[in-house]
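What follows is one structure encoded as structure tokens, with my remarks underneath.
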Amino acid sequence: MNATNGQLFLERASGAKPQAAERRLALGRALHSICRRPWLVASMLATASLAISISLSLAHWPTPQVQDEFSNLLIADTFCEGRLANPTHQHWQHFESFHIIQQPTYASKYPPGQGAFYAIGQRLTGEPVVGLWIMSALAVVGCYWMLLGWASPRWALLGGVILVVHPGYQLAWGQLFWGGTLAALGGALVFGAALRIVWRCKVRDAVAMATGTVLLAFTRPFEGLIFCLLTGGWVLVRWARRGLPATWRILVVKTVLPQATILLAGGFALATYNRAVTGDPLTLPYSVHEQEYAQTPLFLGQAPATKTYRHDAIARFHSGWSMDWYRMQDSLAGVLRTKWEMTRIAAWFFIPWLFAIPLLLLLLRPRLWAMGRAAPSLAIGGATFLISLVAIWNFPHYIAPLAPLILLAIVAALRYADALGRRYFGPFPYAQAIVGCQACLFMAQAVDHAMAPAGGWNIQRAETMKKLENSPQRHLIFVRYGPDHKTIDEWVYNRANIDSAKVVWAREMDPASDRELMRYFADRKVWLLEPDLERMLPLAHDSAEVGSQFDSRLSDFDR
């Protein structure tokens, strides 16, 4: 083909001027060359995720606010102390707080997965948020690897970009300590390995599936168990229909044995942690907490429990906010209404509106089950979500293992919409344009996040902590709440090693118990904090009665 014919060919093929077509082809060749190197794409996606996470955090530093965040950070601080759990404090009644157990040990009620990564960040840099950045980047890479088992490298790259600019993933999970990204990584490893194992037997796929299963056990054990059982069942069904991908000997050596080894090691590690925290390798810290504090049952159909509490704030939380979720679902109409609302919230969180129309087109496709490996993601994800609705609470980060499957469905929808657009409207990178628009929207949301004024009780608590930790003295703070205090705004959280902490937070109890705690911390300056009145007052150690002493002192804390 001579130069003139080549230019005519480029004009007809692209509908553009020859120079523009040549530039487009050059860009396409460069992109194709990059996509052929998965390690390079994974590095680029991880770097982009880290850059975004760090930039967002520097613009608006993550400060724990939700009760779950403080509980997860307690795990990190405990690990950094070189322990799996902390001994119960002599005056533990003053230090009771939400989602934390005080007996038989002082520990978080949550599984240790997220806390372990926060501990890595805290140990390496002094900041747990670094562990959050690492988890976010690893999950992006894991989802990209999963997509490579289903789509071409170009579409897998596009899926990775979608996750990098996903507002829920970056602005919520990526900047909060209550989790989501590590469970998403576990889900990506499990399902990505399943997509490959149905066709072949390789040790790396077996290792990936078992590793993902262990991550789910260490983060979201209930939803993770449902997801793994359904995914494993799908693999068995495919083997039954198509035949095993190898001989029994190869299957055992390359799949069963590696998985069994990792699962046994992970199970032993979790049992060791449980034993250190609860004294029983088969008893979860979550179970101990629920038995001690919870009135609300975990699942629909169960009856609430009756509990007594030492502190009014804890009593009002469990009998009020927590039990309200049970009361909203004490009838069939209430269950349907609540579950529909939680489904709507989950859809809003996981599916940005720009992807909703392509996804709807995909779901309305006449031959939905002819989509090959996209159909199992919808089936397994949908079934896992429906089964998880038997729990009283259903928040988006609870179903984090399904995030990679939702991402796969979005990529499938964009590919389908791209094919329709090219068929009816001519050649144009429709899918890439939609993702580009989403990137622009994400940038606008990131700017809003960065420009949002820092405020709220958690900022006040963090500033108070910083001021007191920078002072030469050590401090003991009694917290007194007003009758209308919001129970979810909790100030009483402590370090893993309470006695060595620069600042100790305690609940005000009766005068005798308060004086005893003051004598125990005789070397500390004592304060009364009244968050609802926004004041902090000093207290003398020789006070005869805590309440009257506080009421008589007028010197406000210098904020």
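The values are calculated or read from the model by the stated rules, or taken from the named source; none is laboratory data. The shown structure was predicted, so the numbers you read here are calculated from the model rather than taken from an experiment. Cβ coordinates were reconstructed from backbone atoms using ideal geometry, including for glycine residues, and neighbour counts include every protein chain displayed. Calculation scope for accessible area: heavy atoms of the full protein, side chains included, ligands and nucleic acids excluded. Shrake-Rupley method; radii C 1.70, N 1.55, O 1.52, S 1.80 Å.
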| By how many nm would the segment from LEU282 to ARG204 grow when fully extended, if each residue of separation counts as 0.36 nm and the alpha-carbon distance is taken off? | 25.1 nm
| Given a 1.4 Å probe and the protein chains all in place, what does the accessible area of LYS502 round to, in Å² to the nearest 10? | 60 Å²
| Taking LYS202 as the anchor, which lysines have their alpha carbon closer than 19 Å to its alpha carbon, excluding any fewer than eight residues away along the same chain? | LYS254
| query | So what's the projected area for region 111-230, the Cα convex hull averaged over all directions, in nm²? | reply | 7.6 nm²
| field | Charge dipole (debye, nearest 20) of region 277-406; +1 at Cβ of Lys and Arg, -1 at Cβ of Asp and Glu | value | 540 debye
| Vicinal HN-Hα couplings computed from phi for region 437-443 (Karplus, 6.51 cos²θ - 1.76 cosθ + 1.60; Hz; Gly/Pro x) | 5, 5, 4, 5, 4, 4, 4
| Can you give the convex hull volume per residue for the Cα atoms of region 88-178, as a whole number of Å³? | 125 Å³
| query | Quick one, which of [x] 25.2, 85; [y] 35.9, 151; [z] 27.1, 101 is the actual Rg and Dmax of the Cα atoms in Å calculated for this model? | reply | [z]
| message | Please compute the contact order of region 197-322 in relative form: average sequence separation of alpha-carbon pairs under 8 Å and at least six residues apart, divided by the residue count, as a percent. | response | 22 percent
| query | Which lysines does LYS466 reach when only Cα atoms under 24 Å apart count, and residues fewer than 8 places away in its own chain are ignored? | reply | LYS486, LYS502, LYS525
| Mind checking which aspartates and glutamates have their C-alpha under 13 Å from LYS339, skipping anything on the same chain fewer than 8 residues away? | ASP330
| query | Per residue, what accessible area does the chain have, given a 1.4 Å probe and all protein chains present, in Å²? | reply | 47 Å²
| query | Taking a spot 7 Å from the Cα of TRP239 along the direction of its beta carbon, which residues of region 194-213 have an amide N less than 15 Å from it? | reply | 194-203, 205-207, 209-210
| message | Classify region 200-330 from the C-alpha gyration tensor, please: rounded if a/c falls under 1.5, else prolate or oblate depending on whether a/b exceeds b/c. | response | prolate
| field | Distant-in-sequence amide H partners of VAL479 (H built 1.01 Å from N, under 5 Å) | value | ALA506, ARG507, GLU508, LEU529
| request: Rounding to the nearest 20 debye, state how big the charge dipole of region 203-266 is about its Cα centre with +1 on each Lys and Arg Cβ and -1 on each Asp and Glu Cβ. | output: 280 debye
| message | If you fit an axis through the alpha-carbon atoms of helix 257-278 and take the longest principal axis of the Cα set of the chain, what angle between them do you get, 0 to 90°, nearest 10? | response | 20 degrees
| query | Helix 511-520 versus the longest principal axis of the chain: what angle, 0 to 90°, nearest 10, using Cα atoms? | reply | 80 degrees
| message | Once each part is reduced to its C-alpha centroid, what is the distance from region 381-424 to region 221-235 in angstrom? | response | 16 Å
| task | First measure r as the distance between the Cβ atoms of THR88 and ALA305, then evaluate 1/(1 + (r/R0)^6) with R0 = 22 Å and state the FRET efficiency to the nearest 0.05. | result | 0.45
| Mean residue ellipticity at 222 nm from the helices of the chain, using -39,500 (n - 2.57) per DSSP H segment of n ≥ 4 over the full residue count, to the nearest 500 deg cm²/dmol? | -19000 deg cm²/dmol
| remark: On the accessible surface of region 205-309, probed at 1.4 Å with all protein chains in place, carbon and sulfur together account for a percent value of 67 percent
